[in-house]
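Undergrad: Below: one structure in structure tokens.
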Amino acid sequence: MQVTRALEPLLPFRLCRRLLPSGLMGLSATLLKATALEIAILTGHVLLYPSGIVQERRGGPAPEFPPSGGAEDPARLPTQAPPPVVLLHGFIDNRSVFVLLRRSLAQHGRHRVESLNYSPLTCDIRIAAELLGRHIEEICERTGSSRVDVVGHSLGGLIARYYVQRLGGDARVRTLVTLGTPHSGTRVAPLASAHPIVRQMRPGSEVIEELSRPAPGCRTRFISFWSDLDHLMAPLESARLDHPDLLAENVQVSGIGHLALPVHPAVATGIRQALDGDGPAADATPGTPTAHKGDLTVA
């Protein structure tokens, strides 16, 4: 309490207390480091943003194992190729945010990775979820895979969850990984509510209410990464996924902010492990609200 009084007269500290969530009022080396990283990532992403505006070219059919005409080595052949991975960006963003994550996935055997750009003019999460569903159906038809994995950052995770829960997408999505997604709604930046899709991300919105309804028999496995320094989640725990009918694993990330979640190599490692089914949730049974509470410190 004495420390708080000592800081009260200092305008910069009072300003930080107003801007930061209540849990982040204390300025620390970790917070300053995370803020500097967010600024650096934002700067780099602004430079990369034009490269991701155009929808990416669709790949051909999945490659054979081994390629046609090659010598077969049963000892090296995988029993089954991993499912395609679909990446879905956040609000007012595009596929360029996943440049580093795509590279990481490809280096570890995930060669069928595709991104979907939805328009920044999209005004309804439901419409975006329908678009995602059509995109996934096209991928399954083209690759011959019956299911896909999805990684969604921020709003992208909410769109993917709506598709899974409300549009029957659990038949197609094996694993859904969300990064800083406002599963229970966020109160940050009230002035942004002028945009309809931002209003749908508010606590108590029709979309958030729909996602809280029963979802018995949902076949998708959820892994939600949430950060203790996420400046876009208010409260911070809104990025956790807690639903009695969903097989969900919440992984708390310490030391980085919202923009770093799809970029940081430690988070990329966690995503790969989640997609490979290495976490405790892989063996859990549906109906467990949270199969495992993980922790990932990257500071």
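Undergrad: Using beta carbons and a limit of 8 Å, which pairs, at least six apart or on different chains, have the first residue in segment 170-186 and small (Gly, Ala, Ser) and the second one open to solvent by less than 10 Å² (accessible area, probe 1.4 Å) and outside any helix (DSSP H, G or I)?
TA: Partner pairs satisfying both residue conditions: Gly180/Gly90; Gly180/His153; Gly180/Phe225; Gly180/Ser227; Gly180/Asp230; Gly180/Met233; Gly180/His258; Gly180/Leu261.
Undergrad: Select from segment 217-252 the residues that are closer than 18 Å to Gly90 by Cα, of a type in the set (Gly, Ala, Ser) and not in a helix (DSSP H, G or I) and list them in ascending order.
TA: Ser224, Ser227, Ala234
So that you can scan it fast, the table gives a plain yes or no per residue for (1) within 29 Å of Ala36 (Cα to Cα); (2) of a type in the set (S, T, N, Q); (3) in contact (Cβ under 8 Å) with a residue 40 or more places away in the chain:
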residue	(1), (2), (3)
Glu210	no, no, yes
Leu232	yes, no, yes
Leu236	yes, no, yes
Asn250	yes, yes, yes
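Undergrad: Right, something else. Provide a single number: the residues in segment 119-160 that are of a type in the set (Val, Ile, Thr) and more than 19 Å from Gly109 (Cα to Cα).
TA: Residues in segment 119-160 being of a type in the set (Val, Ile, Thr) and more than 19 Å from Gly109 (Cα to Cα): 5 in total.
Undergrad: Would you pick out the residues in segment 219-239 that are closer than 16 Å to Gln165 by Cα and buried (at least 20 other Cβ atoms within 10 Å of the Cβ)?
TA: Hits for segment 219-239 are Thr220, Arg221, Phe222, Ile223, Ser224.
Undergrad: Just checking, how many residues over segment 187-197 are in contact with a helix residue (DSSP H, G or I) (Cβ under 9 Å, 6 or more places away or on another chain), in contact (Cβ under 8 Å) with a residue 24 or more places away in the chain and under 20 Å from Ser119 (Cα atoms)?
TA: Going through segment 187-197 one residue at a time, the tally reaches 1.
Undergrad: Considering Leu105, Leu87, Leu101, which residue is at pLDDT 90 or above and assigned to a strand (DSSP E or B)?
TA: Going through Leu105, Leu87, Leu101 in turn, the sole match is Leu87.
Undergrad: Continuing with the same structure: Considering only segment 96-136, how many residues are open to solvent by 60 Å² or more (accessible area, probe 1.4 Å), closer than 25 Å to Leu167 by Cβ and touching a residue at least 40 places away in the same chain (Cβ under 8 Å)?
TA: 1
Undergrad: Can you tell which of Ala248, Ala268, Ala284, Ala239 is at pLDDT below 95, of a type in the set (Gly, Ala, Ser) and either more than 20 Å from Ser184 (Cα to Cα) or in contact with a strand residue (DSSP E or B) (Cβ under 6 Å, 6 or more places away or on another chain) (or both)?
TA: On the way: Ala248 fails: at pLDDT below 95; Ala268 fails: at pLDDT below 95; Ala239 fails: at pLDDT below 95.
After applying the criteria, what remains is Ala284.
Undergrad: Here is a follow-up. Are any residues in segment 165-180 more than 22 Å from Gly217 (Cβ to Cβ) and either in a loop (DSSP other than H, G, I, E, B) or among the β-branched types (Val, Ile, Thr) (or both), and if so, which ones? Please lay out each step first, then the result.
TA: To start, the set of residues in segment 165-180 that are more than 22 Å from Gly217 (Cβ to Cβ) comprises 179-180.
Answer for segment 165-180, where residues must be more than 22 Å from Gly217 (Cβ to Cβ) and either in a loop (DSSP other than H, G, I, E, B) or among the β-branched types (Val, Ile, Thr) (or both): just Gly180.
Undergrad: Something else now. Would you mind stating whether Ile197 is modelled with pLDDT under 95 and either open to solvent by less than 30 Å² (accessible area, probe 1.4 Å) or not in a loop (DSSP other than H, G, I, E, B) (or both)?
TA: Yes; evaluated as a whole, the condition is true for this residue.
Undergrad: Just give me the residues in segment 141-154 being open to solvent by less than 10 Å² (accessible area, probe 1.4 Å) and either more than 8 Å from the chain's Cα centre (by Cα) or at pLDDT below 95 (or both), in sequence order.
TA: Restricting attention to segment 141-154, the residues satisfying the condition of being open to solvent by less than 10 Å² (accessible area, probe 1.4 Å) are 148-153.
Within segment 141-154, Val148, Asp149, Val150 qualify.
The values are calculated or read from the model by the stated rules, or taken from the named source; none is laboratory data. Every value quoted in this text rests on a predicted model; they were computed, and no experiment measured them. Virtual Cβ from ideal backbone geometry, glycine too; neighbours counted across all protein chains shown. Accessible surface is based on the protein model in full, side chains and every heavy atom, while ligands, DNA and RNA are left aside. Shrake-Rupley method; radii C 1.70, N 1.55, O 1.52, S 1.80 Å.
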